[in-house]
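All of the numbers you see were taken from the coordinates with simple rules; none came from a lab. Keep in mind it's a predicted model, so treat the numbers as computed, not measured. We place every Cβ from the backbone using ideal geometry, glycine too, and count neighbours over all the protein chains shown.
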Amino acid sequence: MAQADAQWLQVRDDGLYVAPADLWIDPARPKARAVITHGHGDHARPGHGAVLTTPATAAIMRARYGAQAAGRFEDAAYGVPQRLGGVDLTLRPAGHVLGSAQVVLDYGGRRAVVSGDYKRRADPTCAAFEPVACDLFVTEATFALPVFRHPPIGRELDKLFASMARFPERSHLLGVYALGKAQRLIAELRARGYDREIFLHGALKPLCRLYEDWGVALGPLADATAAAKARLRGQLVLAPPAATRDRWARRLDDPVVAHASGWMTVRQRAKQRLAELPLIVSDHADWDELTATVVETGCETLWVTHGREDALVHWARGRGIDARALSLVGREDEDEDAA
Ligand SMILES: [Zn+2]
Ligand SMILES: [Zn+2]
């Protein structure tokens, strides 16, 4: 049966291709028709003819790419099935960022679920991951090594609060990815009672505004680029990871540099980032969540993509699951490791 699945859900150079529907999933190059799991750049590329995606992801793509985003968008709300060339396609929440979706495909009595990127932790900025029982599960594997066990976000934010209390005169410069991580951190800080202004690098503003338009309250935000040096003293400033190391950061007087990423588990990466305060906060599933999710789907076949594939394939085979690594190209993990 697994072999038959590979006939209608095909692994090609540019990504996964749903043959009976003539539809690509997160393709690496422009296609006539694509379904897009979420707005990160290694999944949502500009220039497709028709894009089937959630309304929020369509809005994110328009914000990032403007007129080049797609020829046209076909909105697909969560949970509403559509029939395409004999394939029933339904999007379900992936819990990764606003608008993120798993692609559920029913064809010829078989069900395949393509997870896209996902996490299982609660996130106040997006709908929670919904496990879907299936025959074939295609999972991401960004943090698919047993060494990756993400701590609770509250514990990491306590480190930030402790540092701010210890160095009240210094600003805290937090490197975060612009889509998802920035908004989630702000919302989690607000949930813990942090009600002061949060200063933003200009690159973070459009997507923060977009999240607010979609009903995610972020509280008082201010423009870090326009603010005088004195005003930033003792404040929390968010910027893309690369900006924490470039000229832009000189507007801050001796800041405490923090980074929020799943990669902060790896000491070497934290050093490369010059992160005085590494915070382990990830929008991807960790090892325990990946393996628990595979079990929950009840899949007999597992395809592993987008990351460290071998360990998860080995683990799954040990449980009698028919598993393979897809080794798709063009998956450079932009969302957690943007330079
Ligand atoms: Zn992503
Ligand atoms: Zn990704």
**Charge context of His314, other residues only, Cβ under 12 angstrom, K/R +1, D/E -1** = +2
**Prompt:** For the chain, what proportion of DSSP beta bridges, expressed in % and rounded to the nearest 5, is antiparallel?
**Reply:** 35 percent
**Request:** In nm, give the distance between the simple-model label positions of Trp214 and Ala230, each being 7 Å from the Cα along the Cα-to-Cβ direction.
**Result:** 4.0 nm
**Rh (Kirkwood; distinct C-alpha pairs) - the chain, Å** = 20.6 Å
**Request:** Take His48, His96 and order them by how many other Cβ atoms sit within 10 Å, fewest up front.
**Result:** His48, His96
**Complete:** The local net charge around Trp8, scoring Lys/Arg +1 and Asp/Glu -1 for residues other than Trp8 whose Cβ lies under 14 Å from its Cβ, equals -2
**Asked** For the cross-link pairs Lys181/Lys205; Lys159/Lys229; Lys159/Lys271, which exceed 19 Å when the distance is taken from alpha carbon to alpha carbon?
**Response** Lys159/Lys229
**Message:** What are the ³J(HN,Hα) couplings of segment 282-298, residue after residue, when phi is run through the Karplus curve with 6.51, -1.76, 1.60 and θ = phi - 60°? Round to Hz, x for glycine and proline.
**Reply:** 10, 9, 10, 5, 8, 4, 4, 6, 4, 5, 5, 5, 4, 4, 4, 5, x
**Complete:** The farthest towards the positive end of the charge dipole of segment 153-279, of the residues Leu277, Ile153, His172, given +1 on Cβ of Lys and Arg and -1 on Cβ of Asp and Glu, is Leu277
**Request:** Taking H placed 1.01 Å from N in the peptide plane, check which residues at least 5 places from Phe129 or on another chain put their amide H under 5 Å from its amide H.
**Result:** Gly95
**Request:** Give, rounded to the nearest 20 debye, the magnitude of the charge dipole that the chain has about its Cα centre when Lys and Arg contribute +1 at Cβ and Asp and Glu contribute -1 at Cβ.
**Result:** 1060 debye
**Prompt:** When the Karplus curve 6.51 cos²θ - 1.76 cosθ + 1.60 is applied with θ = phi - 60°, which whole-Hz ³J(HN,Hα) does each residue of segment 90-103 get, with x for Gly and Pro?
**Reply:** 9, 9, 10, x, 10, x, 8, 8, 3, x, 5, 9, 8, 9
**Expected 222 nm ellipticity per residue - DSSP helices of 4 or more, -39500 (n - 2.57), all of the chain, to 500** = -7000 deg cm²/dmol
**Asked** With +1 on each Lys and Arg Cβ and -1 on each Asp and Glu Cβ, how big is the dipole of segment 191-243 about its Cα centre, in debye rounded to the nearest 20?
**Response** 260 debye
**Prompt:** Can you list residues whose amide H is under 5 Å from Arg273's amide H, if they're 5+ apart or on another chain and H is modeled 1.01 Å from N?
**Reply:** none
**Prompt:** Which aspartates and glutamates does Lys31 reach when only Cα atoms under 14 Å apart count, and residues fewer than 8 places away in its own chain are ignored?
**Reply:** Asp13, Asp14, Asp22
**Cβ-defined net charge surrounding Thr297, 15 Å radius [Lys, Arg +1; Asp, Glu -1]** = -4
**Complete:** Of all DSSP beta bridges having both residues in segment 153-279, the percent classed as antiparallel (nearest 5) is 0 percent
**Asked** Who wins for biggest fluctuation among Thr291, Thr244, Thr305 in a Gaussian network model of the chain, springs between alpha carbons below 10 Å?
**Response** Thr291
**Message:** Between helix 309-318 and the chain, what is the angle of the helix's C-alpha long axis to the longest principal axis, kept within 0 to 90° and rounded to the nearest 10?
**Reply:** 50 degrees
**Request:** Under 1.5 on a/c is rounded, so check that first for segment 153-279, then, if it is not, pick prolate when a/b is larger than b/c and oblate when it is not; a ≥ b ≥ c are the square roots of the alpha carbon gyration tensor eigenvalues.
**Result:** rounded
**Complete:** Ordering 184-193, 259-268, 317-326, 50-59 by per-residue average of other C-beta atoms within 10 angstrom, highest first, gives 50-59, 259-268, 184-193, 317-326
